[in-house]
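> Pasting in a structure now, in structure tokens, and then I'll have a few things to ask.
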Amino acid sequence: MSLDYFTGLYLAKDDPWDLATKWHDQRKYAVTMASLPRPRYRRCYEPGCSVGLLTRQLAVRCDEVLAVDCVPEAVRTAAEYLADLPNVRVAEAMLPASLPDGTFDLIVIGDLLYYLSADDLTALLGGLVDRLEPGGEIVAVHFRDRAVGGNYDGFNVHGALAGVGGLEPVVRHEDDWFVLDVLRRA
């Protein structure tokens with residue numbers, strides 16, 4: 001899908017997927033937070049932050065959060081929603097080209113990876129692992145499209161993530177709605 005497609009969604013509606021009001025998304029965020037193995041993290045990176053709902057929850061457990069999205073309208077909405085949190089920075093970034101400098105002990109990727117081409121997925125996963133500190137954790141949580149399957153099924157991208165060298169599985173959750181993996185850098 002193109003940036004224009006996503007931009008159009010956010011121009012039509014601040015929260016195009018109704019993440020703030022759908023029970024299954026609220027539950028997905030709760031399971032994500034409960035799956036974090038540590039009570040506190042130093043530096044978190046959240047690519048594909050959308051309107052910042054999960055970002056706000058991560059901020060409670062992290063000293064610093066860098067949340068990015070490629071859609072300017074999503075970045076604006078998230079920045080306004082998170083303006084009261086001094087430990088959160090929201091920025092625009094097109095991935096995998098605009099990966100941040102530095103390293104992180106937590107990277108959280110939600111409902112993003114299946115929108116990438118195969119080459120961009122490979123580049124992004126490699127870039128994320130390069131930015132993950134030893135002992136740091138990547139959390140991936142993606143929608144399961146059991147009815148149609150194909151490109152937008154979280155199992156496909158989680159399989160690609162599991163195939164990246166140097167990561168060890170820590171937590172796995174799957175149900176009818178989503179799949180979640182926590183992987184630790186060895």
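The values are calculated or read from the model by the stated rules, or taken from the named source; none is laboratory data. In this text, all values refer to a predicted model and were calculated from it rather than measured experimentally. No Cβ is skipped: glycine too gets one built from the backbone with ideal geometry, and neighbour counts run over all protein chains shown.
> Against the definition (assigned to a helix (DSSP H, G or I), surrounded by fewer than 18 Cβ atoms within 10 Å (Cβ to Cβ) and either modelled with pLDDT of 90 or more or of a type outside the set (A, V, I, L, M, F, W, C) (or both)), how does GLY165 come out, yes or no? Give the steps one after another, and end with the answer.
On the way: assigned to a helix (DSSP H, G or I): no; surrounded by fewer than 18 Cβ atoms within 10 Å (Cβ to Cβ): yes; either modelled with pLDDT of 90 or more or of a type outside the set (A, V, I, L, M, F, W, C) (or both): yes.
Spelling it out, it is not the case that GLY165 is assigned to a helix (DSSP H, G or I), surrounded by fewer than 18 Cβ atoms within 10 Å (Cβ to Cβ) and either modelled with pLDDT of 90 or more or of a type outside the set (A, V, I, L, M, F, W, C) (or both).
For every residue, the table says whether it meets (1) of a type outside the set (A, V, I, L, M, F, W, C); (2) at pLDDT 95 or above; (3) within 14 Å of PRO47 (Cβ to Cβ).
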| position | (1), (2), (3) |
| --- | --- |
| ASN87 | yes, yes, no |
| ALA97 | no, no, yes |
| PRO100 | yes, yes, yes |
| PRO134 | yes, yes, no |
| PHE143 | no, no, no |
| VAL148 | no, no, no |
| GLY159 | yes, no, no |
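> OK, next. Determine, yes or no, whether SER35 is among the small types (Gly, Ala, Ser) and at pLDDT 90 or above.
Values: among the small types (Gly, Ala, Ser): yes; at pLDDT 90 or above: yes.
Criteria met by SER35.
> (1) more than 25 Å from GLN26 (Cβ to Cβ); (2) hydroxyl-bearing (Ser, Thr, Tyr); (3) not in a loop (DSSP other than H, G, I, E, B): which one isn't true of TYR114, the others all being true?
Result: TYR114 fails condition (1) only.
> Can you give me the number of residues within segment 92-146 that are among the charged types (D, E, K, R), closer than 20 Å to ALA74 by Cα and in contact with a helix residue (DSSP H, G or I) (Cβ under 7 Å, 6 or more places away or on another chain)? Full working, then the answer.
Looking only at segment 92-146, we keep the residues that are among the charged types (D, E, K, R), and these are 92, 101, 105, 111, 119-120, 130-131, 133, 137, 144-146.
When the remaining residues are screened for being closer than 20 Å to ALA74 by Cα, the result is 92, 111.
Next, from what is left, pick out any that are in contact with a helix residue (DSSP H, G or I) (Cβ under 7 Å, 6 or more places away or on another chain): 92.
The qualifying residues number 1.
> Next question, about the same structure. Out of (1) within 16 Å of the chain's Cα centre (by Cα); (2) within 20 Å of ASP63 (Cβ to Cβ); (3) not small (Gly, Ala, Ser), what's the single condition that is false for TYR114?
Only one criterion is unmet by TYR114, namely (2).
> Also, quick follow-up: Would you point out the residue of segment 56-76, among those that are part of a strand (DSSP E or B) and either modelled with pLDDT under 95 or of a type in the set (Asp, Glu) (or both), that is farthest from LEU116 (Cα to Cα)? Working first, answer last.
Let us first name the residues in segment 56-76 that are part of a strand (DSSP E or B), namely 62-69.
If we keep only those that are either modelled with pLDDT under 95 or of a type in the set (Asp, Glu) (or both) as well, we get 63-64, 69.
On the way: ASP63: 29, GLU64: 27, ASP69: 13 Å.
Per the criteria, the residue is ASP63.
> Oh, and also: Taking segment 26-55, which residues are more than 13 Å from the chain's Cα centre (by Cα) and not in a loop (DSSP other than H, G, I, E, B)?
So in segment 26-55, the residues more than 13 Å from the chain's Cα centre (by Cα) come out as 26-27, 30-31, 34-43.
Listed by number, the residues that qualify are GLN26, ARG27, ALA30, VAL31, ALA34, SER35, TYR41, ARG42, ARG43.
> State which residue is surrounded by the fewest Cβ atoms within 10 Å (Cβ to Cβ) when the search covers only segment 110-135 and only residues that are touching a residue at least 40 places away in the same chain (Cβ under 8 Å) and of a type in the set (Asp, Glu).
This residue is GLU133.
> Also: Hey, can you tell me all the residues within segment 94-104 that are under 14 Å from the mean Cα position of the chain (by Cα) and either surrounded by fewer than 20 Cβ atoms within 10 Å (Cβ to Cβ) or not in a loop (DSSP other than H, G, I, E, B) (or both)?
If we filter segment 94-104 for residues that are under 14 Å from the mean Cα position of the chain (by Cα), which is where we start, we get 94-96, 99, 104.
MET94, PRO96, LEU99, PHE104, listed by residue number.
> Check whether at least one residue in segment 87-109 is free of Cβ contacts under 8 Å to residues at least 40 places away in the same chain, closer than 18 Å to PRO37 by Cβ and of a type in the set (A, V, I, L, M), and report yes or no.
Start the filter on segment 87-109 by keeping residues that are free of Cβ contacts under 8 Å to residues at least 40 places away in the same chain, which leaves 87-89, 91-92, 96-99, 101.
Subset that is closer than 18 Å to PRO37 by Cβ: none.
No, because not a single residue in segment 87-109 is free of Cβ contacts under 8 Å to residues at least 40 places away in the same chain, closer than 18 Å to PRO37 by Cβ and of a type in the set (A, V, I, L, M).
> Is it the case that ARG61 is in contact with a Leu (Cβ under 6 Å, 6 or more places away or on another chain) and surrounded by fewer than 18 Cβ atoms within 10 Å (Cβ to Cβ)?
Criteria not met by ARG61.
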